[in-house]
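The structure appears below as structure tokens.
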Amino acid sequence: MPKKILITLWVVVAVQSISFAQTSFIEGRVLSANDKHDPLAFVKITLLRTKTNSISDIDGKWQVLGANQTDTLVFSYLGYETKKILVSALDFGHKEQIIYLKEKADILGEVTIKPEENPANRILKEVIARKKENNYENIKGFTYIAYTNMHVGYIDIDSSDKVLNDLPALNNRYVEDSSRKKSDKKLDSLMKKQYLFMIETIESIWYRHPARYKKNVLAYNVSGIDDPRASLFASAFENFNIYSDFIELIQKNYLSPIASNAISNYLFIIQDTIWTPEKDTVFVISFRPHSYKTFNGFKGTIYVNSKNYVVQNIIASPAEGGNGLGLKIQQQFDYVNNQHWFPVQQDIEIDFAKMYTNADRAIVFEGRSSYMNIRFDTLISASKFSDVETVVADSAGIRDSAYWNKFRGRPLSKKESKTYKVIDSLAKLIKLDKIMNFMDALGTERIPIGKVDLDLTKVLAFNSYERYRLGLGLYTNDRISPYYSVGGYYDYGFGDHHSKYGGSLDIKPIRGSFFRFGGAYSNDVYEFGGTKYGLEDIIPYYEQIRYLGINDMYTSTDKSAYVRFSLPIHLQIKCSLSQSEIHTNDNYVFLSPDHISGTNYNITEGQVGLRYAYKETIMKMPGKQIAMPYSKGPIIYFQYSRGLKEPGGNYSYDKYDLKINKKFILSTFGYANVQLSSGLVNGIVPLFKEYNTPANFWGEYPIAAQNTFETVRINEFFDSRYVNLFYKQTLAWHPYKNQFSAPTFSIREDIGYGQLSNNALNSGLSYKTMNKGFYESGLQIDNVLLSSYSGFGVGFFYRYGPYSLEGFRNNLAIKISFSSILLE
């Protein structure tokens with residue numbers, strides 16, 4: 001063979017070899033073909049020649065090995081058209097191949113499959129049977145680093161983009177529309193260049209079985225403000241665990257699609273089967289609640305790996321929306337260190353489109369968390385865990401870019417960098433820190449005004465005794481000193497025509513702790529027979545409603561001192577000593593031989609109060625420690641009071657008070673709120689130191705109030721010892737749901753029992769005692785009318801039993817119900 005021919009053949013073979021080498025490994029991203037170009041997570045990619053499969057990751061990234069120029073790649077994804085592409089048609093001038101998939105125009109119809117005929121149920125039964133061994137929270141211990149990037153932007157509200165009511169992830173979601181106003185177009189242009197808001201956090205997470213987490217915030221970066229509490233929102237979905245029977249999202253519980261009873265509540269359909277290079281099978285299964293079920297559930301897609309039937313990927317959204325929000329979670333698992341499947345990345349999206357009725361766009365939150373440096377079998381000492389769940393490092397707010405880049409995985413985009421630059425400058429211009437302090441103070445019922453706080457409870461109030469009460473209360477804040485607060489108030493009641501006033505000094509010697517002590521002086525009025533827990537700083541609004549109807553009060557001049565601290569077992573303690581000069585403002589007469597005739601009484605009282613909040617989240621920041629307002633476990637208040645004849649007291653007595661609040665999840669039926677309260681007075685005391693039943697039946701404003709007796713008249717019952725049980729079960733069933741109305745049904749049952757020991761010593765007031773037992777039942781329909789932030793409904797309550805009144809109408813109470821996300 002001539003030499004030139006041999007050389008030519010060698011060149012051809014070499015070129016083909018180079019060509020094969022160039023196409024044997026292909027990588028790229030798969031995106032939605034719409035104008036938003038959303039990355040598509042967990043798309044199936046098949047190489048037809050070898051029938052091998054791969055799956056795109058949560059960012060839409062994919063890789064294929066062993067391809068050549070004659071191969072065909074097939075991209076298939078639930079809800080999208082399947083796409084076939086010749087390898088030879090790819091543009092290898094770019095390292096990353098971008099593939100676009102079109103959404104299907106058709107919408108899946110109702111599918112009915114009997115359980116015994118459904119092959120997906122067999123797979124899910126295996127998943128459920130192996131939940132215990134596959135649940136990473138059953139490992140003795142683990143640690144990992146979490147990097148979270150969350151930003152806030154706008155989306156266009158366009159129903160044509162909502163295929164199957166799904167909520168795709170957001171990336172450049174801004175559609176040009178010539179009909180929009182110039183201001184809208186300017187906003188669109190601005191939002192292409194930056195976000196409205198950004199949060200980044202780096203956390204070190206420790207876990208010890210069972211269910212004990214410790215978060216150390218190593219770094220945080222918040223556009224416009226310097227507040228580490230924003231990191232709590234950034235990591236709010238970090239504990240999303242598909243293996244839990246119930247998953248809590250935004251204070252609402254959802255039944256997991258792999259819960260113990262999921263088969264009877266969810267419809268599962270196998271959509272695809274993928275064979276992995278490791279020779280495992282991945283089943284792609286769609287799920288949604290059965291059409292005849294009404295529980296809070298998810299819809300989405302679950303990817304089940306045949307290797308021990310473990311969840312490999314999950315895409316989930318609330319089946320009927322959640323609290324007026326659009327929510328979507330995507331989670332990716334890996335077999336980490338060849339030891340255990342563990343989540344390595346999670347994307348969340350929350351949009352507020354359902355809270356806007358006539359708007360073209362809505363706010364959207366997007367967050368991405370990456371979990372790295374995952375280590376198992378790390379049994380962390382129990383001493384490392386306490387009631388403080390989140391600790392912010394002193395240097396967390398001042399980390400340099402080199403530190404951040406170690407965990408980001410990629411540099412900040414131009415859009416992200418500009419967000420920090422613009423929002424930080426704007427925040428300084430509009431003094432955003434002051435606005436945030438103002439909003440923060442609303443939760444404590446105090447608003448900062450310069451170096452003092454305005455007490456909102458002293459500005460304006462109403463009750464049936466004082467009628468309108470108007471005044472002013474001012475207290476120094478941390479801008480004067482973080483170690484103490486001093487202040488006072490003055491109020492005037494237009495119904496009783498009397499002034500009320502007082503002052504206090506609170507000393508906080510250790511920054512970042514709950515330890516404090518102080519003293520107070522006041523001249524004010526209080527409910528006749530009312531109970532106040534010293535550690536209940538703010539009474540829930542749904543219990544305060546009954547205070548509007550109080551029509552009998554006594555005047556008390558009080559001098560008191562206290563010390564307050566906490567123990568690292570979710571326990572707070574308060575000890576106090578007080579002296580009170582009390583004057584009754586009605587015809588009441590106490591007939592005890594020990595009492596000097598008249599309407600004046602002297603009370604000296606020592607008190608010890610306990611507050612135990614199991615699983616309450618406490619965050620420790622530099623110079624500050626705060627408790628989050630929501631606790632998953634029961635909250636228990638216990639208080640012991642001792643009346644002392646010396647110094648200066650007229651009565652010796654012992655008083656015990658107990659209150660327990662708990663929320664229960666009732667499988668798929670909804671949830672229940674339960675309050676059990678009890679009290680005992682041992683000793684001879686005036687009636688105002690006994691117990692007045694928490695009544696909420698009064699004429700002017702019929703508003704339903706939780707943990708009260710809706711049909712009991714004000715001052716109808718007094719007792720020396722009592723037990724009350726308030727039960728409210730909210731059903732998961734909704735007859736219908738839209739943006740203006742979403743009726744929620746609740747069943748109420750209220751029971752009380754009491755005895756009055758010294759009934760014969762009290763004269764001048766007409767009342768009864770609950771020694772025969774009191775019963776009332778009710779049906780409450782909330783959110784019959786619905787707005788973005790509040791809801792109105794109606795409640796029907798009926799009393800029966802030994803204390804039922806004559807005539808049906810007298811036992812019936814019809815009331816308005818009110819709810820607000822601003823007050824919950």
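For residue 129, state whether it is under 25 Å from residue 289 (Cβ atoms) and either surrounded by 14 or more Cβ atoms within 10 Å (Cβ to Cβ) or at pLDDT 80 or above (or both). Walk me through how you get there before you give the answer.
Numbers: under 25 Å from residue 289 (Cβ atoms): yes; either surrounded by 14 or more Cβ atoms within 10 Å (Cβ to Cβ) or at pLDDT 80 or above (or both): yes.
Yes.
Considering each residue of region 389-402, count those that are among the hydrophobic types (A, V, I, L, M, F, W, C) and either closer than 14 Å to residue 623 by Cα or buried (at least 18 other Cβ atoms within 10 Å of the Cβ) (or both), and give that number.
In the first step, residues of region 389-402 are kept if they are among the hydrophobic types (A, V, I, L, M, F, W, C); the result is 391-393, 396, 398, 402.
This time we only want the ones that are either closer than 14 Å to residue 623 by Cα or buried (at least 18 other Cβ atoms within 10 Å of the Cβ) (or both), so: 391-393, 396.
Selection size over region 389-402: 4.
Test residue 287 against the criterion of being in contact with a Leu (Cβ under 8 Å, 6 or more places away or on another chain), closer than 25 Å to residue 151 by Cβ and either open to solvent by less than 10 Å² (accessible area, probe 1.4 Å) or assigned to a strand (DSSP E or B) (or both), and give yes or no.
Criteria not met by residue 287.
Let me spell it out: the conditions are (1) of a type outside the set (A, V, I, L, M, F, W, C); (2) open to solvent by 10 Å² or more (accessible area, probe 1.4 Å); (3) at pLDDT 95 or above; (4) farther than 20 Å from residue 253 by Cα, and residue 727 meets all of them except one. Which number is the exception?
(4)
Can you tell me how many residues within region 641-666 are surrounded by fewer than 14 Cβ atoms within 10 Å (Cβ to Cβ) and modelled with pLDDT of 95 or more?
1
Can you tell which of 484, 475, 501 is more than 15 Å from residue 455 (Cα to Cα) and out of contact with any Cys (no Cβ under 7 Å at 6 or more places or on another chain)? Write out each step before concluding.
Working: 475 fails: more than 15 Å from residue 455 (Cα to Cα); 501 fails: more than 15 Å from residue 455 (Cα to Cα).
After applying the criteria, what remains is 484.
State which residue is nearest to residue 781 (Cα to Cα) when the search covers only region 730-745 and only residues that are of a type in the set (S, T, N, Q) and open to solvent by less than 50 Å² (accessible area, probe 1.4 Å). I'd like the intermediate steps shown before the answer.
Of region 730-745, the ones of a type in the set (S, T, N, Q) are 730, 738-739, 741, 744.
Going one step further and asking which of them are open to solvent by less than 50 Å² (accessible area, probe 1.4 Å), we end up with 730, 741, 744.
On the way: 730: 9, 741: 11, 744: 6 Å.
Per the criteria, the residue is 744.
Among the numbered conditions (1) modelled with pLDDT of 90 or more; (2) surrounded by fewer than 17 Cβ atoms within 10 Å (Cβ to Cβ); (3) touching a Phe, Trp or Tyr at 6+ places or on another chain (Cβ under 9 Å), tell me where residue 776 comes up short.
Unmet for residue 776, out of (1) modelled with pLDDT of 90 or more; (2) surrounded by fewer than 17 Cβ atoms within 10 Å (Cβ to Cβ); (3) touching a Phe, Trp or Tyr at 6+ places or on another chain (Cβ under 9 Å): (2).
Kindly indicate which of 510, 550, 539 is under 28 Å from residue 698 (Cα atoms) and without any contact (Cβ under 8 Å) to a residue 24 or more places away in the chain.
539
Let's see how each residue does on (1) out of contact with any Asp or Glu (no Cβ under 8 Å at 6 or more places or on another chain); (2) in contact (Cβ under 8 Å) with a residue 12 or more places away in the chain; (3) open to solvent by less than 10 Å² (accessible area, probe 1.4 Å); (4) over 30 Å from residue 293 (Cβ atoms):
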residue: 701; (1), (2), (3), (4): yes, yes, no, yes
residue: 708; (1), (2), (3), (4): no, yes, yes, yes
residue: 713; (1), (2), (3), (4): yes, yes, no, yes
residue: 718; (1), (2), (3), (4): no, yes, yes, yes
residue: 722; (1), (2), (3), (4): yes, yes, no, yes
residue: 747; (1), (2), (3), (4): yes, yes, no, no
residue: 754; (1), (2), (3), (4): no, yes, yes, yes
residue: 768; (1), (2), (3), (4): no, yes, no, yes
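Sort out which residues of region 582-630 are at pLDDT below 75 and in a strand (DSSP E or B), and write them in order of number.
628, 629, 630
Of the numbered conditions (1) part of a strand (DSSP E or B); (2) open to solvent by 50 Å² or more (accessible area, probe 1.4 Å); (3) touching a residue at least 24 places away in the same chain (Cβ under 8 Å), residue 796 fails exactly one; give the number of that condition.
Unmet for residue 796, out of (1) part of a strand (DSSP E or B); (2) open to solvent by 50 Å² or more (accessible area, probe 1.4 Å); (3) touching a residue at least 24 places away in the same chain (Cβ under 8 Å): (3).
Those residues that are farther than 22 Å from residue 632 by Cβ and either at pLDDT 90 or above or of a type in the set (D, E, K, R) (or both), I need them from region 377-392; list them, please.
Within region 377-392, the subset farther than 22 Å from residue 632 by Cβ is 377-379, 381, 383.
Scanning region 377-392 gives a single hit, 377.
Can you tell me which residue is modelled with the highest pLDDT among those in region 267-284 that are open to solvent by less than 30 Å² (accessible area, probe 1.4 Å) and of a type in the set (Ser, Thr, Tyr)?
Restricting to residues being open to solvent by less than 30 Å² (accessible area, probe 1.4 Å) and of a type in the set (Ser, Thr, Tyr), the top hit is 281.
Given the criterion surrounded by 15 or more Cβ atoms within 10 Å (Cβ to Cβ) and acidic (Asp, Glu), identify the matching residue among 537, 594, 558.
Just a single option satisfies the conditions, and that option is 558.
Working only within region 781-793, note down all residues that are open to solvent by 40 Å² or more (accessible area, probe 1.4 Å) and either at pLDDT 80 or above or aromatic (Phe, Trp, Tyr) (or both). Let's see the steps before the verdict.
Pass one, region 781-793, residues open to solvent by 40 Å² or more (accessible area, probe 1.4 Å): 784-789, 792.
Selection gives 784, 785, 786, 789, 792.
Quickly run through region 315-332 and pick out the residues that are of a type outside the set (A, V, I, L, M) and either modelled with pLDDT of 80 or more or open to solvent by less than 20 Å² (accessible area, probe 1.4 Å) (or both).
First, pick out the residues of region 315-332 that are of a type outside the set (A, V, I, L, M): 317-318, 320-324, 326, 328, 330-332.
Matches in region 315-332: 317, 318, 321, 322, 326, 328, 330, 331, 332.
Which of the residues belonging to region 290-314 are under 12 Å from residue 271 (Cβ atoms) and crowded, with 21+ Cβ neighbours inside 10 Å?
Within region 290-314, 301, 302, 303, 304 qualify.
Does region 480-499 include one or more residues that are open to solvent by less than 40 Å² (accessible area, probe 1.4 Å), of a type in the set (D, E, K, R), within 30 Å of residue 726 (Cα to Cα) and touching a residue at least 40 places away in the same chain (Cβ under 8 Å)?
No: region 480-499 contains no residue that is open to solvent by less than 40 Å² (accessible area, probe 1.4 Å), of a type in the set (D, E, K, R), within 30 Å of residue 726 (Cα to Cα) and touching a residue at least 40 places away in the same chain (Cβ under 8 Å).
Exactly one condition in (1) closer than 30 Å to residue 716 by Cα; (2) of a type in the set (Ser, Thr, Tyr); (3) at pLDDT below 95 is not met by residue 483; state its number.
Residue 483 satisfies all of (1) closer than 30 Å to residue 716 by Cα; (2) of a type in the set (Ser, Thr, Tyr); (3) at pLDDT below 95 except (1).
For the condition over 22 Å from residue 601 (Cβ atoms), among the hydrophobic types (A, V, I, L, M, F, W, C) and assigned to a loop (DSSP other than H, G, I, E, B), what is the one hit in 573, 510? First the steps, then the outcome.
On the way: 573 fails: assigned to a loop (DSSP other than H, G, I, E, B).
Being over 22 Å from residue 601 (Cβ atoms), among the hydrophobic types (A, V, I, L, M, F, W, C) and assigned to a loop (DSSP other than H, G, I, E, B) holds for just one of 573, 510, which is 510.
What tally of residues in region 458-479 results from selecting those that are in contact with a strand residue (DSSP E or B) (Cβ under 6 Å, 6 or more places away or on another chain), open to solvent by less than 80 Å² (accessible area, probe 1.4 Å) and assigned to a strand (DSSP E or B)?
Total meeting the criteria: 8.
What about residue 618, is it crowded, with 19+ Cβ neighbours inside 10 Å and closer than 18 Å to residue 691 by Cα?
It is false that residue 618 is crowded, with 19+ Cβ neighbours inside 10 Å and closer than 18 Å to residue 691 by Cα.
Of all the strands (runs of 3 or more DSSP E) wholly in region 34-88, which have at least 3 residues that are free of Cβ contacts under 8 Å to residues at least 40 places away in the same chain, in contact with a strand residue (DSSP E or B) (Cβ under 9 Å, 6 or more places away or on another chain) and open to solvent by 30 Å² or more (accessible area, probe 1.4 Å)? So that I can check it myself, show each step before the final result.
Details: elements: 44-47, 52-55, 61-65, 72-76, 83-86.
Once the strands (runs of 3 or more DSSP E) in region 34-88 are filtered for at least 3 residues that are free of Cβ contacts under 8 Å to residues at least 40 places away in the same chain, in contact with a strand residue (DSSP E or B) (Cβ under 9 Å, 6 or more places away or on another chain) and open to solvent by 30 Å² or more (accessible area, probe 1.4 Å), what remains is 83-86.
Kindly evaluate residue 533 against the criterion of being at pLDDT 90 or above and part of a loop (DSSP other than H, G, I, E, B).
In short, yes.
The values are calculated or read from the model by the stated rules, or taken from the named source; none is laboratory data. Just so it is clear, the model here is predicted, and its values are computed rather than measured. Here Cβ is always computed from backbone atoms with ideal geometry, including for glycine, and neighbour counts include all displayed protein chains. Ligands, DNA and RNA are excluded from the accessible area calculation, which covers all protein heavy atoms including side chains. Shrake-Rupley method; radii C 1.70, N 1.55, O 1.52, S 1.80 Å.
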